[in-house]
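The values are calculated or read from the model by the stated rules, or taken from the named source; none is laboratory data. Just so it is clear, the structure is predicted and the values come from calculations on it, not from any experiment. FYI the Cβ positions are ideal-geometry reconstructions off the backbone, even for glycines, and counts take in every protein chain you see. With ligands, DNA and RNA removed, areas are computed over all heavy atoms of the protein, side chains included. Shrake-Rupley method; radii C 1.70, N 1.55, O 1.52, S 1.80 Å.
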Amino acid sequence: MAGTTPPKAASDFESARPRLSVILCTYNRRPILERSLASFFRQDAPAGSFELIVVNDGSQDGTREYLQGLALPIPGRILHRENGGLAAARRRRS
């Protein structure tokens, strides 16, 4: 069909990174978050094939301070917001 883009080759998809986004939403669960991140950082997936996004939904248990001192060893970002619930945290854009 004229004007359509041909399907991409498999190699095009392999070079597009990251291929997976892991989003962790947290609220007053610092010990669980610390264990989850420690486990996540031990993954052996190829570097750059995934990113990590942590959304702190207004925690009051030291989570913010923990995340502020955390140096991410992988691509990702940490977002802080006022507590608005899980659904709002999942919709957080930046």
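So the values come out like this:
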read-out: Exclusive hit being without any contact (Cβ under 8 Å) to a residue 12 or more places away in the chain, within 23 Å of Arg19 (Cα to Cα) and either aliphatic (A, V, I, L, M) or open to solvent by 90 Å² or more (accessible area, probe 1.4 Å) (or both), set Ala71, Ala89; value: Ala71
read-out: Flag if Arg90 is out of contact with any Cys (no Cβ under 8 Å at 6 or more places or on another chain) and either modelled with pLDDT of 85 or more or part of a helix (DSSP H, G or I) (or both); value: no
read-out: Residue within region 29-44 that is assigned to a loop (DSSP other than H, G, I, E, B) and open to solvent by less than 50 Å² (accessible area, probe 1.4 Å) present; value: no
